[in-house]
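Since the structure comes first, as structure tokens, the remarks are kept for the end.
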Amino acid sequence: MRKAIFSALFILFCTTILAQDFKGSIFYRRSDGKTEPLPFAQVYLIEKAKLIETDENGQFTINLEVRTTMVATYVGYTKDTLIVDPGIPSGEFYLMGENEVDEAVVTSRQLTNTLSRIKPVRTEVITAAGLCKMACCNLAESFENSASVTVGYSDAITGARQIKLLGLAGTYTQLLDENRPVMRGLASPFGLTYVPGQWLESIQIAKGPSSVINGLEAITGQINMEHRKPTDEVPFFLQLFGSSHAMAEGNIVSSLQLNEKWSTVILAHASSLLVGSDHNDDGFRDEPQATQFNLSNRWLYYDPSGFQMRFGVRALMDDRLAGQMGFEREHDPLTSEFWGSHIKNKGINGYLKLGIPLNEENSQNIAIVADFNYHNMDSNYGLKTYDGTQKSLFLNVIYQNQINEYHRLSFGLSGQDDDFREDMNDHRTYIFTPVPSPEPIIYNIDLSRRERSVGLYGEYNYTLDDKVTFVGSLRGDYNDIHGFLFAPRFTLKYSFTDDIIFRLLGGRGFRTANIFADNIGIFSTGRIIIFDDTLSEKRNLLEDAWTYGGNITFYLPFGYENNTYLSFDYFRNDFLKQVIVDQEFDMVQALVYNLDGKSFTNTYQVDFSVDPIERFNIVTTFRYTDAKVTLRGQGLVERPLTSRFKAVFNAQYATAMNKWTFDFTAQLNGKTKLPNFMAGQDKVIEIDGEYFSPIYPMFFAQVTRKFRGIDIYVGGENLGNYRQRNAIINADKPFSEAFNASAIWGPLSGMKIYAGLRLTIWK
């Protein structure tokens, strides 16, 4: 008996000793032999079929009970494998850039669009390889293969692009630049065209209310952009692009490692559309003639102690000429000879990020984020002028404590200071007087405001054996206009097995509506902008909404390397407060008022991805949206200009060693409820007294040939040449109240053929 007890205790003791934590580190080994950590790399545990992610220092910790094979991966780098026995305390992985090794070993495809297994929020990741599948001149053109995000035009004149997520305008989606809030306010109408696709390393699309650390404005979700890093082994990258629409673009990226601690990256962009065209003969340019210059410089200081400092600056100049073909820059914009639009945007942004470890293990740290943004817009639209200046300062101090492997706490204090100077003048005197007045009469709206807020937040993260992750957070802000605002949020991730993952989340979000910037297309109409008597221009612009939903993903054991998943989503938005800009209440007015009734969206989506054979990937997605809003005089109706469904099919095949890559994408876009004033327009369908757009397809294709250090690609967009023809209503009467170019439901440009090259020089 004593012997049996002793044996049992001995076995238990050995098991305890052996089943201990293994601490791994992933490094990038440069060609000169020096190494540096790879943050947020992935480690695949073959025996457990489980994927884990390293922290910002390239480290991870896992409890081992049996011998385990680990494969470390990072997009754009070779793999490294370790076989680890229980009891071994630590190990290191060393990866090299794929272009630094012999071309013959590069045989596997890089993931392009994928769903994160690790993140508690449902997150779709578009990698650098995914961005190369499209022409991807800018952020607006980076979502062709995504059904989650729909991109359209705000109007048929200015070229302003807007996204929709969960059936709502992109203003309800928080845009982040490496987790810094960007593209707020005046930068939002054209901001999607200010981020060159070739500057980006990845795009992460998170649906639903995410972390409160970055503020309250994430109502439908967050889109985070990861730029190319100062530590990239690319001293020179060049991209050249040209299209059949007379669009030319160039991008340069250069990373420089100054020493073991300092590195920097310079990003430069220039693009131009110099030739105006009018293919539908309505007298207006199909696309604005535009010139853009964009320059950014980012720095990184990394100390072996763990201290990090990141800072950078960015400057922008964007000049657009739109309107009737006869309108030129030298013409007086406030005459009725031609309806023209000249839009000039200038901006500068600077940021500073500090990471300060408080102990050797870096389990406690402080992060400080400061961001300053200046943006100026001078513009005219026919006889309307809109001038605006925004100065914004954002400061965030975050304390994080990884108490143990199960519990993590974060606390923070942040402040936001926004100074908006906005002035709109309408010089159409004959609209505002019964008879034309000999004296000029100007209709003016001044929406200038200074808005300040300070917020406290806390976030608790609980993780149990990679089975359960719970994140609960609460944020309270004092806004000097809107008072106290409280936003609770939660996320639950549960793994029934390693291959069945369930997510549930919910939370509250707030934002202040920017009437002109959010609805820039209203200037491309003859409407008079009227504020309802019950809506104070400055005090009642707060929008308040709850968002909740869930996701379940099945990772299936078939296809090449078992890279197959099936995912189902459901999300709902409910607005408590919303600002409505209504063009249907009156035929000559755009009436601005607060929501009086219900406003909600229900979004359903299914995603399926499979690799039938090596280097061949197929992704299909279907999204259905049920969106309703209460409009004055109509009651609860289908939200105008929101497509009911979108289906996407994408196929990619690469030959051996990825020398040739073939991409094909097909979209099927569902019908869209149209405003009543669209009755009788081209292709508009009437059903039971309501008006809808037709269902229409779009096709995209690209072929890429890789040489050593050079990619040459050709492709086409909208290969079916489908267009919303005559998108401008009453184009022959541009100064009348009935003129309207804001009701856009389909593509404005026809088929586009493009070609380009990417040149990469590696160290």
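Structure data summary
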| read-out | value |
| --- | --- |
| Among 170-178, 450-458, the order from most to least packed when residues are scored by Cβ within 10 Å on average | 170-178, 450-458 |
| Estimated FRET transfer efficiency when R0 is 41 angstrom, pair LEU334-ASP574 (beta carbons, to 0.05) | 0.40 |
| Linear extension gain, ASN721 paired with GLU36, 0.36 nm per residue minus alpha-carbon span | 241.7 nm |
| Nitroxide proxy distance, nm - points 7 Å out along Cα→Cβ at SER244 and VAL275 | 1.3 |
| Approximate spin-label separation ILE356-THR291, in nm, with each point projected 7 Å along Cα-to-Cβ | 4.6 |
| Rounded tilt (10° steps) of 2-18 against the dominant C-alpha axis of the chain | 40 |
| Where GluC sites (Glu not before Pro) fall in DSSP loop in the stretch 538-625, at most 15 other Cβ within 10 Å | GLU614 |
| Label-to-label distance, nm, for residues given as ILE761 and GLU638 (7 Å Cα→Cβ offset) | 5.6 |
| Cβ-derived FRET efficiency at R0 45 Å, PHE531 paired with LEU409, nearest 0.05 | 0.50 |
| Theoretical FRET efficiency, 1/(1+(r/R0)^6), r = Cβ-Cβ of MET317 and ASN259, R0 45 Å, to 0.05 | 0.85 |
| Exceeding the 21 Å Cα-Cα cut-off - candidates LYS207/LYS646; LYS164/LYS207; LYS164/LYS493; LYS646/LYS671; LYS229/LYS261 | LYS164/LYS493 |
| Loop trypsin sites (Lys or Arg not before Pro), the stretch 530-587 (other Cβ atoms within 10 Å of the site Cβ: 16 or fewer; DSSP) | LYS538, ARG539 |
| Cα shape, the stretch 178-321, gyration tensor, a/c 1.5 rule | oblate |
| Integer Hz, Karplus 6.51/-1.76/1.60 couplings in order for the stretch 676-686, x for Gly and Pro | 4, 6, 7, 4, x, 7, 4, 6, 6, 10, 9 |
| Long-range HN-HN contacts of PHE22 with modeled amide H, under 5 Å | ILE62, ASN63, LEU64 |
| Violating pairs (Cα-Cα greater than 20 angstrom) within the set LYS133/LYS673; LYS119/LYS577; LYS346/LYS391; LYS119/LYS467; LYS344/LYS733 | LYS133/LYS673; LYS119/LYS577; LYS344/LYS733 |
| Net charge over other residues, Cβ less than 10 angstrom from the Cβ of GLY215 (K, R count +1; D, E count -1) | +1 |
| Gain upon complete extension [PHE677, GLU92; 0.36 nm per residue less C-alpha separation] | 204.1 nm |
| Residue order, fewest to most beta carbons within 10 Å, for ASP518, ASP446 | ASP446, ASP518 |
| For the chain, calculated [θ]222 nm from helices alone, where every DSSP H run of n ≥ 4 adds -39500 (n - 2.57) | -1000 deg cm²/dmol |
| Relative exposure of MET317, MET70, judged by other C-beta atoms within 10 Å (fewest first) | MET317, MET70 |
| Contour minus Cα-Cα distance for ASN730 and PHE502 (0.36 nm per residue) | 77.0 nm |
| Label-reachable residues, the stretch 542-580, where backbone N falls under 20 Å from a point 7 Å from ALA656's Cα toward its Cβ | 560-561 |
| Table column - 3J(HN,Hα) (Hz), the stretch 165-182, Karplus curve with 6.51, -1.76, 1.60, x for Gly and Pro | 10, 6, x, 10, 4, x, 5, 8, 9, 7, 9, 10, 10, 6, 6, 10, x, 9 |
| Within-14-Å neighbourhood charge of SER473 [Cβ basis; K, R +1; D, E -1] | +2 |
| Set of the stretch 172-200 residues, backbone N closer than 17 Å to the point 7 Å along the Cα-Cβ line of LYS391 | 186-187 |
| Under-5 Å amide H pairs with LEU576, H placed in peptide plane, nonlocal only | ASP544, ALA545, TRP546 |
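No value in this document is a laboratory result; all are computed from the given coordinates. Since this is a predicted model, take the numbers as computed values, not measurements. Glycine also receives a Cβ, built like all others from the backbone with ideal geometry; neighbour counts cover every protein chain displayed.
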